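Structure first, commentary second.
The values are calculated or read from the model by the stated rules, or taken from the named source; none is laboratory data. Since we're looking at a predicted model, the values are computed, not measured. Glycine gets a Cβ as well: all are built from the backbone with ideal geometry, and neighbour counts include every protein chain shown. What goes into the accessible areas is simple: the full protein's heavy atoms, side chains included, and nothing from ligands, DNA or RNA. Shrake-Rupley method; radii C 1.70, N 1.55, O 1.52, S 1.80 Å.
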Amino acid sequence: IIVPDTVESGDRPPPVAWDLLESTLTLFAVSRLTRLVAVHSAAIAHNGRVLVVPAVSEGGKSTLSIAAVAAGALLLSDEYTLIDPGTGLVTGWRRPVRRRCGDGTTERLDLVVPSQPMVVGLIAAVTYDPSGQGTWSPVSPAEATTTLLAHTVCARSRPDDALDAVLAITRTTPAVAGHRPDASTAIEALLDLMDQSQS
């Protein structure tokens, strides 16, 4: 017995259906990479280095990424950072940035640019603080490693590659964790911090 759909799908699925399909196919693809390691994070390039912002879905990566472009930085990805375990260099997963609108729809923004593999300059595990009191502090390489591994797609299926990739970054890269204020204020502070750490 076949039970018919209660709602006909028709030939024009709603945009949310396409977003879900795209997200599912993207996760399928990055989880099956054979050399590079995907970390669920934004990758923002500035002055030759990359700011990596690991976060869960709807954790503010896209909002921070849009603010970064407005501040003059280059966006490599608002979703996945791809790490080469052998070199520690990173690239981004190219896809349009999806910004949720107040009416429940989603706007797609073509902000991501291609790049050659780049060095990571700062890891920032920061979440949005609605009170506006953004406070973050430096964390140890061990803490940064744990944080990135928690957001690494292949941590269970390719544990050796995942650990090698994360350690290739965290051994030499400063990291901070905590809360951030609004995106425009936070991105300027984070980019300044990344620049200062290289001087």
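Worth pointing out:
- In the context of the full set of protein chains, the chain has a per residue accessible area of 55 Å² (1.4 Å probe).
- Within the shell defined by Cβ-Cβ distances under 11 Å, the residues around L122 carry a net charge of -1, with Lys and Arg each +1 and Asp and Glu each -1.
- Surface/4 of the Cα convex hull for the range 93-160, nm²: 7.8 nm²
- From its DSSP helices (H runs of at least four residues, each -39,500 (n - 2.57)), the chain gives a residue-normalised ellipticity at 222 nm of -10000 deg cm²/dmol.
- Per-residue accessible area (protein heavy atoms, 1.4 Å probe) orders D160, D110 as D110, D160, starting from the largest.
- Comparing T135, T105, T172 in a Gaussian network model of the chain, where Cα atoms under 10 Å apart are tied by springs, the biggest mean-square fluctuation is seen for T105.
- Between T26 and D164, the simple spin-label model (points 7 angstrom out along Cα→Cβ) gives 2.7 nm.
- Taking the chain as a Gaussian network of alpha-carbon nodes connected by springs under 10 Å, the highest mean-square fluctuation of the residues L20, L36, L149 belongs to L20.
- Spacing of the modelled spin labels on D129 and R98, each 7 Å from Cα toward Cβ, amounts to 3.0 nm.
- A simple count of charges around D164, restricted to other residues whose Cβ falls under 14 Å of its Cβ and scoring Lys, Arg +1 and Asp, Glu -1, yields 0.
- Spin-label model, T105/Q198: points 7 Å from Cα along the beta carbon direction are separated by 3.9 nm.
- Counting protein heavy atoms only, the range 147-199 has 49 percent of its accessible area on carbon and sulfur, 1.4 angstrom probe.
- Stretchable slack from L33 to E58, in nm (0.36 nm times residue separation minus alpha-carbon distance): 6.6 nm
- Point-charge dipole on Cβ atoms (K/R +1, D/E -1) for the chain, about Cα centre, debye to 20: 380 debye
- Under-5 Å amide H pairs with R180, H placed in peptide plane, nonlocal only: T127, Y128, D129, T135
- Reported label for calculated P(r) over Cα pairs in 10 Å bins from 0, in percent given (1) 9, 35, 34, 14, 5, 2, 0; (2) 8, 26, 21, 10, 13, 14, 7, 1; (3) 7, 15, 14, 13, 11, 9, 8, 7, 6, 5, 3, 2, 0: (1)
- DSSP beta bridges fully contained in the chain are about 70 percent antiparallel.
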